[in-house]
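**Student:** Please find one structure pasted underneath; my questions will follow.
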Amino acid sequence: MTEARGSAGPNGTPCWVSLMVHGLTTTQEFYGELFGWEFQPGPQQLGPYVRALLDGREVAGIGQLPPDRHLPIAWTPYLASDDVDLTAETVRLCGGTVGVGPLDAGDAGRLAIGSDPAGAVFGVWQAGVHRGTGISGVPGTPAWHELLTFETASVAKFYETVFGYDEEPVVSADFDYVTLQLAGHPVAGIHGVGTSLPRDRGPHWMTYFQVSDADETLSLVTSLGGHVLKRPHHTPHGRVATVSDPEGARFSVVEADRP
């Protein structure tokens, strides 16, 4: 396992992940215990906001929702853009919506939050001094981002048009999956699950965080007030489980297979 310093990267690169919650302090306590994160204040343009640090390097952001905002509590991936205003306009032209921005986050950068034609929410980040996640490949860092949606064909075309991805579909009669690639490297996935989507969520992005031991992580999740939604199971990428934090934000954890 290797550590890597991050940067915003080419257009479409997943470069950051953030979570908006009602209880900022209790959420920091949960993820601090779970992943070993520490926190420092971040840009306050959208309200109280902190950046999570691992070994002194930025990993993710957590912000506080206004009391009167009853939005789904969910981890949101941010995709890099050289020109967030142009990307936002392309999102609209391709059938998506832009709910926030584009707006400046101080000198950190410029952002927008939108949704694809099926309703899945994602962010767009044009880097200033904040380049994005600064460490990867170690426990407590984002390892993968996957869109769960009804079907892949039309949604994949949206992301390809907006961000310039190439797609690599899985050739299978009963598994609807597309890997999104940049310069020949996989950066995210789209999984069409049809009516298996949770009724209370609809299409949504799922963030996978790397852990050293999936079983120990699940025990810690429950002891901290979270919930196990799907027990660990083997995949080609390691043992994967899905959980939620005390406010209901869902995420997956992945334990890499040991040699």
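**Student:** Out of (1) among the small types (Gly, Ala, Ser); (2) open to solvent by 10 Å² or more (accessible area, probe 1.4 Å); (3) in contact with an Asp or Glu (Cβ under 9 Å, 6 or more places away or on another chain), the odd one out for Gly238 is which?
**Tutor:** Among (1) among the small types (Gly, Ala, Ser); (2) open to solvent by 10 Å² or more (accessible area, probe 1.4 Å); (3) in contact with an Asp or Glu (Cβ under 9 Å, 6 or more places away or on another chain), the lone unmet condition for Gly238 is (2).
**Student:** One residue is enough: does region 36-56 have a residue meeting the conditions among the charged types (D, E, K, R), open to solvent by 20 Å² or more (accessible area, probe 1.4 Å) and either closer than 27 Å to Ala183 by Cβ or part of a loop (DSSP other than H, G, I, E, B) (or both)?
**Tutor:** yes
**Student:** Give the residues of region 146-157 that are touching a helix residue (DSSP H, G or I) at 6+ places or on another chain (Cβ under 9 Å), closer than 19 Å to Thr76 by Cα and either of a type in the set (D, E, K, R) or open to solvent by less than 50 Å² (accessible area, probe 1.4 Å) (or both), sorted by residue number.
**Tutor:** Across region 146-157, the qualifying residues are Leu147, Leu148, Thr149.
**Student:** Suppose we keep only residues that are open to solvent by 20 Å² or more (accessible area, probe 1.4 Å) and assigned to a loop (DSSP other than H, G, I, E, B) within region 121-135. Which one would you say is farthest from Ala52 (Cα to Cα)?
**Tutor:** Checked region 121-135; the qualifying residue farthest from Ala52 (Cα to Cα) is Gly128.
**Student:** Within region 139-185, work out how many residues are small (Gly, Ala, Ser), touching a Gly at 6+ places or on another chain (Cβ under 9 Å) and closer than 30 Å to Leu53 by Cβ.
**Tutor:** 2
**Student:** Only one residue in Gly109, Gly140 is over 19 Å from Gly189 (Cα atoms), in contact with a strand residue (DSSP E or B) (Cβ under 7 Å, 6 or more places away or on another chain) and modelled with pLDDT under 95, so which one is that?
**Tutor:** None of the others qualify; the one that does is Gly109.
**Student:** Just to be sure before I move on: is Val138 open to solvent by less than 70 Å² (accessible area, probe 1.4 Å), of a type in the set (A, V, I, L, M), within 18 Å of Leu79 (Cβ to Cβ) and outside any strand (DSSP E or B) in the structure I sent?
**Tutor:** For Val138, the condition - open to solvent by less than 70 Å² (accessible area, probe 1.4 Å), of a type in the set (A, V, I, L, M), within 18 Å of Leu79 (Cβ to Cβ) and outside any strand (DSSP E or B) - is not met.
**Student:** Tell me yes or no: at least one residue of region 61-72 is out of contact with any Ser or Thr (no Cβ under 7 Å at 6 or more places or on another chain), in contact (Cβ under 8 Å) with a residue 60 or more places away in the chain and either closer than 19 Å to Gly9 by Cβ or not basic (Lys, Arg) (or both).
**Tutor:** Yes.
**Student:** What's the total number of residues in region 158-179 that are more than 18 Å from Cys15 (Cβ to Cβ), in contact (Cβ under 8 Å) with a residue 60 or more places away in the chain and open to solvent by less than 20 Å² (accessible area, probe 1.4 Å)?
**Tutor:** Total satisfying the criteria: 1.
**Student:** So Gly61 fits all but one of (1) surrounded by fewer than 19 Cβ atoms within 10 Å (Cβ to Cβ); (2) touching a Lys or Arg at 6+ places or on another chain (Cβ under 6 Å); what number is the exception?
**Tutor:** (1)
**Student:** Under the condition of being at pLDDT 95 or above and either touching a Leu at 6+ places or on another chain (Cβ under 8 Å) or basic (Lys, Arg) (or both), which residue from region 1-19 is nearest to His185 (Cα to Cα)?
**Tutor:** Across region 1-19, the extreme among qualifying residues is Thr13.
**Student:** Just to be sure I understand, how many residues within region 22-35 are open to solvent by less than 50 Å² (accessible area, probe 1.4 Å) and either hydroxyl-bearing (Ser, Thr, Tyr) or under 18 Å from Thr207 (Cβ atoms) (or both)?
**Tutor:** Looking only at that region, the number is 7.
**Student:** Can you confirm whether Leu19 is buried (at least 17 other Cβ atoms within 10 Å of the Cβ) and in a strand (DSSP E or B)?
**Tutor:** Considered against the rule, which asks whether it is buried (at least 17 other Cβ atoms within 10 Å of the Cβ) and in a strand (DSSP E or B), Leu19 comes out as yes.
**Student:** Tell me which residues, restricted to region 180-221, are among the β-branched types (Val, Ile, Thr) and either closer than 21 Å to Thr87 by Cβ or surrounded by fewer than 13 Cβ atoms within 10 Å (Cβ to Cβ) (or both).
**Tutor:** Val187, Ile190, Thr195, Thr207
**Student:** For Ala118, are the conditions met, namely being in a helix (DSSP H, G or I) and among the aliphatic types (A, V, I, L, M)?
**Tutor:** It is false that Ala118 is in a helix (DSSP H, G or I) and among the aliphatic types (A, V, I, L, M).
**Student:** Of all residues in region 93-114 being touching a residue at least 12 places away in the same chain (Cβ under 8 Å) and not in a strand (DSSP E or B), which is surrounded by the fewest Cβ atoms within 10 Å (Cβ to Cβ)?
**Tutor:** Per the criteria, the residue is Asp107.
The values are calculated or read from the model by the stated rules, or taken from the named source; none is laboratory data. Since we're looking at a predicted model, the values are computed, not measured. Glycine also receives a Cβ, built like all others from the backbone with ideal geometry; neighbour counts cover every protein chain displayed. Keep in mind that these areas ignore ligands, DNA and RNA; they rest on the heavy atoms of the full protein, side chains included. Shrake-Rupley method; radii C 1.70, N 1.55, O 1.52, S 1.80 Å.
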